[in-house]
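One structure is given here, and the rest of the page talks about it.
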Amino acid sequence: MGFKVALDEFYGLTPSEKEMSLLFLGYSGVLVGIGGKYVLFDPADMLKGAEESLKELYAVFYTHGHYDHFHLDSAKRIFEVTNAFFIAEESVYDEIRGFVPDNKRFLARVGEFRVGELNVSVVEGLHVGKIMLFRISSDTWSLFHGGDSNYVPLPFGADIAILPTGRPSPTASPEAALKMALDLKPKVVIAVHGSDAQHKALQKLLSERLPEVKFLAPQQMVPTKLSFK
């Protein structure tokens, strides 16, 4: 499926309360529709020139500046098309300073803050260089994105957990993702940034330790809608 077609289909999904829509771009890049908001994580350059097909976007989150998470030219195009809020780890924050104005640009610092109508909580992950992990929420939902980090203690819960299982990250693993899930106690786990075998390993671990949790290993560029009741 082409990128523009996939984006059109994604925006055609209409999640109700306690539902979310998801478009997996690759690595840890995901576009999410939830609570009437569209948010994008770590898109790197995976939209392949289809940024103009982003019909609506509230916020973009960058966990760190590695090639598979951030791409400067793509970030510029995303901002030009959407005028979204950008929330970024320090190295990315410095890169986007030239084209994202102060009122739209937020440094991902450890702690809690507001971005428009979203609550944002940030913890520092464990990776090669600095990485920041995000929990975003409203009054009716909460979502965590783990970049491609190793396990670090997470001081909050989340309805939805987007968790990395490994390849090509040298720090993420199914075992680290399980530990994150045990902290978060989510209703849904979405596996990203790993091989099929690593996703299946996480699914097995979850079936043993958190059997009530729904699990999804999304297909790249295939729009999906799921419930987190």
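The values are calculated or read from the model by the stated rules, or taken from the named source; none is laboratory data. The structure presented is a predicted model; accordingly, all values stated were derived computationally and were not measured. Positions of Cβ are generated from backbone atoms using ideal geometry, with glycine treated the same way; all protein chains shown enter the neighbour counts.
Overview of results
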item	result
Residue list for the range 135-179, restricted to those being modelled with pLDDT of 95 or more, surrounded by fewer than 24 Cβ atoms within 10 Å (Cβ to Cβ), more than 24 Å from Asp196 (Cα to Cα) and not small (Gly, Ala, Ser)	Arg135, Trp141, Pro153, Leu154, Pro155, Phe156
Residue within the range 5-14 that is surrounded by fewer than 21 Cβ atoms within 10 Å (Cβ to Cβ), at positive phi and in a loop (DSSP other than H, G, I, E, B) present	no
Selection status of Phe113, in contact with a Phe, Trp or Tyr (Cβ under 8 Å, 6 or more places away or on another chain), without any contact (Cβ under 8 Å) to a residue 12 or more places away in the chain and at negative phi	yes
Output for the range 175-201, where each listed residue is over 20 Å from Leu25 (Cα atoms) and assigned to a helix (DSSP H, G or I)	Glu175, Ala176, Leu178, Lys179, Met180, Ala181, Leu182, Asp183, Leu184, Ala201
Whichever residue in the range 48-63 is under 15 Å from Ser21 (Cβ atoms) and among the aliphatic types (A, V, I, L, M) and, among such residues, is surrounded by the fewest Cβ atoms within 10 Å (Cβ to Cβ)	Leu57
Residue in the range 86-108 that is within 19 Å of Ile190 (Cβ to Cβ), aromatic (Phe, Trp, Tyr), assigned to a loop (DSSP other than H, G, I, E, B) and at pLDDT 95 or above present	no
